[in-house]
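Here the structure comes first, spelled out in structure tokens, and everything after it is commentary.
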Protein chains: 2
Amino acid sequence: MSAQSDKHAVLCEKLKACDIRPTPQREVVLKVILEKRDHPTADEIFARVKASMPTISLATVYNCLETLVTCGLVRQVNLERAPTRYCPNLQEHAHFHDEVTGKVHDVELPGDFMDRLRTILPAGFDASTVELNFRGKAATN
Amino acid sequence: MSAQSDKHAVLCEKLKACDIRPTPQREVVLKVILEKRDHPTADEIFARVKASMPTISLATVYNCLETLVTCGLVRQVNLERAPTRYCPNLQEHAHFHDEVTGKVHDVELPGDFMDRLRTILPAGFDASTVELNFRGKAATN
DNA sequence: AGTAGGAATTAGAATAATTCCAAATCACCC
DNA sequence: GGGTGATTTGGAATTATTCTAATTCCTACT
Ligand SMILES: [Mn+2]
Ligand SMILES: [Mn+2]
Ligand SMILES: [Zn+2]
Ligand SMILES: [Zn+2]
């Protein structure tokens with residue numbers, strides 16, 4: 001079995017595990033997100049995907065992204081009013097937005113950090129999502 | 001001195017303290033934000049302002065909001081892709097976004113909470129802003 | 001294998017928050 | 001009172017995203 005079809009099988013399994021049809025479009029969108037640990041926008045994903053699938057449409061990229069986010073295979077990151085970014089890192093983590101370069105960095109969190117954060121909520125508030133974003137300058141090295 | 005001109009003087013002082021000209025438009029935009037402890041959008045602010053100043057334009061509301069946010073008299077709150085909201089609460093606090101009603105609630109934080117949050121950043125990352133957002137269901141009572 | 005029915009994809013139009021622009025008005029100084 | 005830069009204004013432009021309606025693709029069933 002080639003490395004190609006190996007990868008294909010892995011992606012396919014991930015999609016099927018989420019009960020969504022493993023279409024070629026969904027597969028390639030998921031692939032380009034997973035193969036780099038950055039935080040691309042829909043446009044950037046569209047550009048990367050077109051390399052291997054030139055006929056795909058931007059609407060389909062948006063459709064696939066929505067599906068992948070909903071089923072939890074990809075995380076969505078919204079910072080200020082900028083275009084939505086997509087994150088392959090499924091561990092609980094925070095984001096640091098470098099205000100000089102515009103890059104978004106993952107910030108690892110100690111074990112049960114998010115759960116501990118939840119404890120500051122007053123009674124009656126039940127959070128399904130916790131989002132922690134930093135913004136500032138990162139050392140350039 | 002009437003309560004009216006009293007309020008006027010207070011708003012005026014706040015603006016002057018920030019080194020910005022206390023124009024009637026800036027004053028009324030700041031007033032409607034401060035007089036309710038909610039998180040209105042620019043549209044909502046525009047609607048409220050028009051009650052006392054029917055000739056103001058939406059562009060001016062956006063201009064004023066930008067000025068007020070930049071000089072720190074008002075906080076800007078971005079949640080997901082929804083329209084930007086504006087917050088009169090200058091204390092450090094988190095936000096809870098009620099996914100049923102759409103309302104945004106302030107969440108008070110223990111004293112130096114934000115500073116402690118900053119300590120989880122790896123060396124070389126210097127955050128000027130920390131943003132903590134919850135999303136979920138709030139008890140309806 | 002052939003086909004019906006639903007899901008997914010597609011191109012392009014529509015939407016909507018925000019920003020941009022250029023002209024009019026305003027405030028303050030001389 | 002005129003000059004000057006700041007502010008306001010209405011409308012056009014921008015742009016990420018969503019919507020629409022038509023086409024294509026799968027899959028299940030006979
Ligand atoms: Mn983009
Ligand atoms: Mn609005
Ligand atoms: Zn991330
Ligand atoms: Zn607030």
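The values are calculated or read from the model by the stated rules, or taken from the named source; none is laboratory data. This structure is a prediction, so every number in the text was calculated from the model and none was measured. With ideal geometry, Cβ positions are generated from the backbone for all residues, glycine too; neighbour counts draw on all protein chains shown. These accessible areas exclude ligands, DNA and RNA; they are computed on the full protein's heavy atoms, side chains included. Shrake-Rupley method; radii C 1.70, N 1.55, O 1.52, S 1.80 Å.
The same position B:ASP19 in the other copies lies at 5.9 nm from this copy, comparing label points 7 Å beyond Cα toward the beta-carbon, shortest first.
Across peptide A:84-95, the mean count of Cβ atoms from other chains lying within 10 Å of each residue's own Cβ comes to 1.
What separates the A:GLY102 label point from its copies, with the point 7 Å along Cα to Cβ, is 3.1 nm, written shortest first. Comment: the Cα-to-Cβ extended label point of B:LYS50, at 7 Å, lies 4.1 nm from its counterparts in the other copies, nearest first. The slack between B:THR70 and B:LYS31, meaning 0.36 nm per residue of separation minus the straight C-alpha distance, is 12.4 nm. Close amide H contacts of B:ALA82 (hydrogens built in the peptide plane, cut-off under 5 Å, sequence separation of 5 or more or a different chain): none are found. The tail of the calculated P(r) for the protein assembly as shown, taken as Cα-Cα distances beyond 28 Å, holds 49 percent of the pairs. A 1.4 Å probe run over the protein chains yields, for the stretch A:91-136, 51 Å² of accessible area per residue, whole-number rounding.
Expressed as a fraction of 2.2 N^0.38 Å, the value expected for a compact globular protein of N residues, the C-alpha radius of gyration of the stretch B:29-112 is 1.11. Largest first and in whole Å, the equivalent-ellipsoid semi-axes of the stretch B:89-141 read 26, 12, 9, each the square root of five times a Cα gyration tensor eigenvalue. Coupling constants for the stretch A:25-35 follow from the phi torsions by the Karplus curve (6.51 cos²θ - 1.76 cosθ + 1.60, θ = phi - 60°), and in residue order they are 5, 4, 4, 6, 5, 4, 4, 5, 6, 6, 7 Hz; glycine and proline get x.
Across chain A, the relative contact order, built from alpha-carbon pairs under 8 Å that are at least six residues apart, equals 19 percent. Taken residue by residue and averaged, Cβ atoms of other chains lying within 10 Å of the Cβ of B:102-110 number 1. The GNM of chain B, with springs linking C-alpha atoms under 10 angstrom apart, assigns the highest mean-square fluctuation among B:ASP98, B:ASP38, B:ASP115 to B:ASP115. Were the residues from B:THR84 through B:ASN63 laid out at 0.36 nm apart, the gain over their Cα-Cα distance would be 6.2 nm. Overall dimensions of chain B, expressed as equivalent-ellipsoid semi-axes from the Cα gyration tensor (√(5λ), whole Å, largest first), are 29, 20, 15.
Averaged over the residues of peptide B:116-125, the number of Cβ atoms from other protein chains lying within 10 Å of each residue's Cβ is 4. Between A:ALA47 and B:THR129, the modelled label-to-label distance comes to 2.4 nm, taking each label 7 Å out from Cα in the direction of the beta carbon. Looking at this model, which pairs from B:LYS50/B:LYS103; A:LYS14/A:LYS36; A:LYS31/B:LYS137 are more than 28 angstrom apart at the alpha-carbon? In this structure, A:LYS31/B:LYS137 exceed 28 Å between Cα atoms.
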